[in-house]
Amino acid sequence: MNNKGLVLTAIIFFLLINTIYYWEGKLDLWAIPVFLLLAFVYALLAFALLRQIFFAFREKFVNKQRLYRIGLLIIVVGLTLYKPYGLINFDKLEGEDMLVAGGEGAANCSTIFKLKDDFTFREWVGCFGVTETRGKYYLQNDTIFFTNQRSSRPGDQLYQFAVIRPSIWGSSKIFADLVRYKDMSDTSGHILGITKNELTQLMKIQAEKNPVN
């Protein structure tokens with residue numbers, strides 16, 4: 001790889017890592033090969049950094065262009081090692097988490113589900129790939145209804161509503177269960193363990209903004 005290619009690769013890699021929040025959920029089954037490719041590129045950049053340092057020692061650090069490349073590679077390799085999912089927490093920028101739930105299924109498939117304070121939600125599922133579902137929600141009595149949903153895997157039947165019930169997990173970290181249903185005929189539901197729940201606070205805030213006359 002020539003010097004210009006090395007610099008361009010480092011910059012593109014850094015941009016991809018720091019925007020991973022917005023594109024990983026669209027990969028679906030491509031997630032594993034893409035992340036393996038990123039890991040391979042990271043290894044190449046780390047090797048290139050060591051190689052550049054070696055030549056810099058031989059040149060007694062007189063080559064300014066090489067020193068610039070070393071500086072760039074130190075930033076990219078070091079910050080990626082420190083923050084492998086990017087420097088900016090875009091999830092926090094999208095709003096405060098009012099409810100957080102998650103769970104693991106067969107074959108170590110994992111789900112992370114969040115309700116935000118602006119009445120939007122995001123579901124991240126890692127299972128032989130990565131899929132993401134986003135949408136809006138509203139509260140009606142003890143039921144959470146989901147609307148305007150869009151999934152990165154077209155054709156999936158999405159959950160239409162959910163309820164909160166006492167936990168069956170027996171864990172001190174799980175306060176309650178979030179049971180999601182695909183429709184009214186769904187009798188089993190999909191259970192996630194709730195690790196944070198401030199929906200009551202959200203309902204109070206909404207009641208203050210829209211008082212009943």
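Give a quick list of chymotrypsin sites (Phe, Trp or Tyr not before Pro) in segment 73-103 that DSSP marks as loop, anything other than H, G, I, E or B, with at most 14 other Cβ atoms within 10 Å.
Passing sites in segment 73-103 are Y85.
Based on the Cβ-Cβ distance from T200 to S167, what FRET efficiency comes out when R0 is 25 Å, to the nearest 0.05?
In this case the efficiency is close to 0.90.
What does the convex hull of the Cα atoms of the chain come to per residue, in Å³, rounded to a whole number?
Dividing the Cα hull volume of the chain by its residue count gives 174 Å³.
With a point put 7 Å past each Cα toward its Cβ, work out how far F55 is from K26 in nm, to one decimal.
Placing both labels 7 Å beyond Cα along the Cβ direction yields 3.6 nm.
Can you give the charge dipole size of segment 29-144 about its Cα centre, rounded to the nearest 20 debye, using +1 on the beta carbon of Lys and Arg and -1 on the beta carbon of Asp and Glu?
Values: 13 positive and 11 negative charges, 223 e Å.
For this selection, approximately 1080 debye.
At a Cα cut-off below 18 Å, give the lysines reachable from K60, other chains included and same-chain residues fewer than 8 away excluded.
Within the straight-line limit of under 18 Å, K60 reaches no lysines at all.
Can you send over the carbon and sulfur percentage of the accessible area for the chain, probe radius 1.4 Å, protein chains only?
After summing per-atom areas, the C and S share lands at 62 percent.
Give me the number: length gained by fully extending L37 to Y68, i.e. 0.36 nm times residue separation minus the C-alpha to C-alpha distance, one decimal in nm.
Here the answer is 8.6 nm.
Work out from phi, with θ = phi - 60° and the Karplus expression 6.51 cos²θ - 1.76 cosθ + 1.60, the ³J(HN,Hα) of each residue of segment 27-34, listed in order in whole Hz, and give x for Gly and Pro.
The phi angles translate into 7, 6, 6, 7, 4, 4, x, 5 Hz.
Would you kindly give the portion of the calculated P(r) for segment 33-96 that falls above 14 Å, as a percent of all Cα pairs?
66
Show me the ranking of peptides 6-15, 166-175 by mean Cβ neighbours inside 10 Å, starting with the highest.
Values: 6-15: 15.7, 166-175: 11.3.
Listed from highest to lowest mean packing, they are 6-15, 166-175.
Given R₀ = 30 Å, what would the calculated FRET efficiency be for L93 paired with N141, taking r from the Cβ atoms and rounding to 0.05? The partial results should precede the final answer.
Details: r = 31 Å, r/R0 = 1.04.
Given R0 = 30 Å and the Cβ-Cβ separation, E is 0.45.
Would you pull out the residues with amide H under 5 Å of Q160's amide H, same chain only if 5 or more places away, H placed 1.01 Å from N?
Distant-sequence amide H within range of Q160: Y181, K182, D183.
The values are calculated or read from the model by the stated rules, or taken from the named source; none is laboratory data. Bear in mind that the values here come from a model prediction, so they are computed numbers and not experimental data. Here Cβ is always computed from backbone atoms with ideal geometry, including for glycine, and neighbour counts include all displayed protein chains. Remember, those area values only see protein heavy atoms, side chains included, never the ligands or the DNA or RNA. Shrake-Rupley method; radii C 1.70, N 1.55, O 1.52, S 1.80 Å.
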